[in-house]
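A short worksheet on the structure shown next.
Each value in this text was obtained by applying a stated rule to the coordinates, not by laboratory testing. Just so it is clear, the structure is predicted and the values come from calculations on it, not from any experiment.
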Amino acid sequence: MRRLILIYIFLFLNTNIGAEQFIYKPQDRRDIMFPLVDDSGNIINFRENIALAEINLEAIIYNPEGKSLAIINGEVYKENDLLGEYRIVKIYKKKVVFEDEDGKKIELILGEEVIK
């Protein structure tokens, strides 16, 4: 019995020797433990530092009742969602109005490039 226990311990310890430790490398992807929405249902963008020039307004799904959606950088956003430091204030038929942390309003017009 003692010999069996020693063999088991030896085999258990031996399997961990030389094993590589797994390290998660997000490579600009979100942390899987980071929530997708906040308590009020707004989408949380995992990239906090996004430059205005990196925001690509691809499409707008307009609803006059205020339930419009904007497709930005391949993701779907609604009013009051955050995109980095920018909050989406209003979505119109052909443009989206953002507000930065200082309260400055920025308009992105569908089909036009952002100029720094």
Using alpha-carbon positions, the gyration tensor of region 34-109 gives root eigenvalues a ≥ b ≥ c; with a/c under 1.5 called rounded, otherwise prolate if a/b exceeds b/c, else oblate, the class is rounded
Long-range amide H partners of K95, meaning residues 5 or more apart or on another chain whose placed amide H is closer than 5 Å, are L110
